[in-house]
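**Q** Before I ask anything, here is the structure I am working with.
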Amino acid sequence: MVTAQERLAACEQRLDEFQQTLDNKDKVAAIRLARALYLRMLLGSANKRLQPWSDGEDITNMPLSHMFEWISHDFERLELAALEDAMTPAEIVMYARSIEGVHG
């Protein structure tokens, strides 16, 4: 059986590992780039996910699954915009090359 003290020690160790990752600019850039590419992929599928629905529909009659997709779509767009705004010039170059590699 794991004690609370052991769980706390494990959490502190993981926190230290995450802190080291945040201190590594190359890892942060790689994570930001990967997340932006993933969000672009999700947004690319938005037409299929959202096609049967209209954002002009009355939300009181909208199934929760439809509403969830619309809200998710909005958050995906906002997060992608924030990530793109936070990219350094070098990250923007890598990002553009990655997009070209996917769509090129």
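Every number here is computed from the coordinates shown, using simple stated rules; none is lab data. Everything numeric in this text was worked out from a predicted model, so none of it was measured. Neighbour counts run over all protein chains shown; Cβ positions are idealised from the backbone, glycine included.
**Q** Taking loop as defined by DSSP and a crowding limit of 16 other beta carbons within 10 Å, which GluC sites (Glu not before Pro) in region 42-104 fit? Walk me through the numbers before you get to the answer.
**A** Working: sites: 57, 69, 76, 79, 84, 91, 100; in loops: 57.
Taking region 42-104 and a limit of 16 other Cβ atoms within 10 Å, the loop GluC sites (Glu not before Pro) found are 57.
**Q** Can you tell me how much longer the chain between residue 3 and residue 68 gets when fully stretched, taken as 0.36 nm per residue apart minus their C-alpha distance, in nm with one decimal?
**A** Here the answer is 19.6 nm.
**Q** Turning to a different aspect of this structure: Per 10 Å bin, what is the whole-percent P(r) computed from every C-alpha pair distance within the chain?
**A** With 10 Å bins starting at 0, P(r) equals 12, 29, 24, 22, 12, 1.
**Q** 222 nm [θ] for the chain, helices only, -39500 (n - 2.57) per DSSP H run of 4+, per residue, to 500?
**A** Numbers: 5 runs with 83 residues, N = 104.
Calculated mean residue ellipticity at 222 nm is -26500 deg cm²/dmol.
**Q** Taking 0.36 nm per residue of separation and subtracting the Cα-Cα distance, what length does fully extending residue 59 through residue 79 add? Don't jump to the answer; show the numbers that get you there.
**A** On the way: separation 20, 0.36 × 20 = 7.20 nm, distance 2.35 nm.
Using 0.36 nm per residue and subtracting the Cα-Cα distance, I get 4.9 nm.
**Q** Just subtract the alpha-carbon distance of residue 23 and residue 93 from 0.36 nm times their residue separation and send over the number in nm, one decimal.
**A** Numbers: separation 70, 0.36 × 70 = 25.20 nm, distance 2.18 nm.
Contour length minus Cα-Cα distance gives 23.0 nm.
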